[in-house]
1. Can you list the HN-Hα couplings for segment 130-146, worked out from phi with the Karplus curve (6.51, -1.76, 1.60; θ = phi - 60°), rounded to whole Hz and with x for Gly and Pro?
2. Whole-Hz Karplus ³J(HN,Hα) for segment 69-76, in order, using 6.51 cos²θ - 1.76 cosθ + 1.60 and θ = phi - 60°, x for Gly and Pro?
3. Given the C-alpha centroids of segment 164-212 and segment 84-98, what is the distance between them in whole angstrom?
4. Please provide three numbers in whole Å: the alpha-carbon extents of the chain along the principal axes, with the largest listed first.
5. Run the quick spin-label model on PHE226 and ALA176: label points 7 Å from Cα toward the beta carbon, then report their separation in nm to one decimal.
6. Based on a Kirkwood Rh over C-alpha pairs, give the Stokes-Einstein translational diffusion coefficient of segment 158-309 at 10 °C and viscosity 1.306 mPa s in µm²/s.
7. Pick from PRO241, PRO270, PRO196: which residue has the top mean-square fluctuation in a GNM of the chain where Cα pairs under 10 Å get a spring?
8. Taking neighbour Cβ counts within 10 Å as the exposure measure, how do HIS198, HIS91, HIS125, HIS230 sort from fewest upward?
Amino acid sequence: MFRRKFSSALAAAFFAVATLTSVTAYAETVEVKLVAKEVDLPIDNKGTMARMWTFDGQVPGPLVRVRQGDTVEFTLTNPADNKNSHSMDFHAARADVLDEFGSIKPGETKTFTFTADYPGVFFYHCGSDPMIQHIARGMFGAIIVDPADENALPKADREYLLVQSEIYENPEDLGAMMANDWKHVVFNGQAFKYDPVHDPSASKYLEAAPGERVRVYFVNAGPNEFSSFHPIAGIWDKVYPSGNPLNEMTGLQSFTVGPGDAAMFDLISPKEGANALVTHSMRSALSGAIAVIMFSEDVADDAGKGDNIILR
Ligand SMILES: [Cu+2]
């Protein structure tokens with residue numbers, strides 16, 4: 001995960017002021033460097049491998065996290081041994097689709113900057129042609145823009161990122177992608193990755209304690225399927241479309257997140273036990289898009305914190 005860091009001389013000057021008015025956040029410049037990697041990755045808990053196109057060799061790519069008002073200085077490298085052009089489209093950016101978001105060939109590097117003006121959770125993805133295939137093969141991730149006002153949201157006790165996407169049996173088969181003929185719909189790159197109930201070979205699941213506010217940053221990479229995101233045996237306490245605090249909604253059973261969209265979902269369990277986070281589109285859920293969250297008083301302190309926001 002990329003963390004904010006001091007990088008301007010102004011930051012030092014502001015530091016004394018900031019200690020006196022600790023709720024006032026100030027803008028920083030954040031360097032983010034990602035590398036397009038064409039690699040083999042497992043698409044299920046049994047270790048079935050597929051040729052994926054990725055940012056930094058991971059599906060989803062690294063979580064980028066900045067604060068509202070920050071300037072993001074982004075660099076994409078496409079190594080010479082790749083076979084395809086790649087690009088970056090940050091949904092948190094306002095830019096020129098032909099310039100900043102344009103493709104670079106193997107062996108090329110490009111840098112562009114943008115300011116993170118809107119708080120929330122946003123999709124990022126490769127937009128190179130054919131975009132449907134670059135997304136279906138795993139070239140996506142999330143950027144969280146924390147609000148400039150640190151009190152704009154109720155404080156989350158734990159945070160998790162789930163990115164929904166489709167996996168097509170033959171990643172070369174553009175026709176199957178255009179026909180929406182996927183094999184699995186998954187969270188974070190693998191079928192039933194966090195669901196030991198439906199797949200005994202799953203070893204991971206989300207964790208929290210009763211009474212804690214669990215914030216799920218949910219991104220739907222698609223490329224085609226909508227998600228009706230629902231916590232089985234729970235109710236979303238709050239839902240924030242695009243993760244903007246001004247979009248607060250209360251007491252929802254499910255909320256639809258379309259392809260290329262994202263939202264923030266807060267969940268509080270009054271008791272120990274399990275919920276299952278699913279897209280309530282059953283064909284999608286039963287092909288792999290289910291994540292179990294266990295509520296227990298014995299939860300590990302570091303669950304859903306720091307680098308554990310994405311369970312790799
Ligand atoms: Cu790409």
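Bear in mind these aren't lab numbers, they're just calculated from the coordinates by the rules spelled out. Because the structure is a prediction, the values reported are computed rather than measured. We place every Cβ from the backbone using ideal geometry, glycine too, and count neighbours over all the protein chains shown.
1. Once rounded to whole Hz, the list reads x, 4, 4, 7, 5, 6, 4, 7, x, 8, 7, x, 9, 10, 9, 10, 5.
2. Listing the rounded values in order: x, 5, 9, 9, 9, 9, 10, 10 Hz.
3. Cα centroid of segment 164-212 versus Cα centroid of segment 84-98: 26 Å apart.
4. The Cα atoms of the chain stretch 55, 53, 30 Å along their principal axes.
5. Result for the modelled spin labels: 2.5 nm.
6. Details: Rh = 15.6 Å.
It diffuses with D of about 102 µm²/s by this estimate.
7. So, out of PRO241, PRO270, PRO196, the one fluctuating most is PRO270.
8. On the way: HIS198 14, HIS91 18, HIS125 27, HIS230 23.
By the 10 Å Cβ count, ascending, the order reads HIS198, HIS91, HIS230, HIS125.
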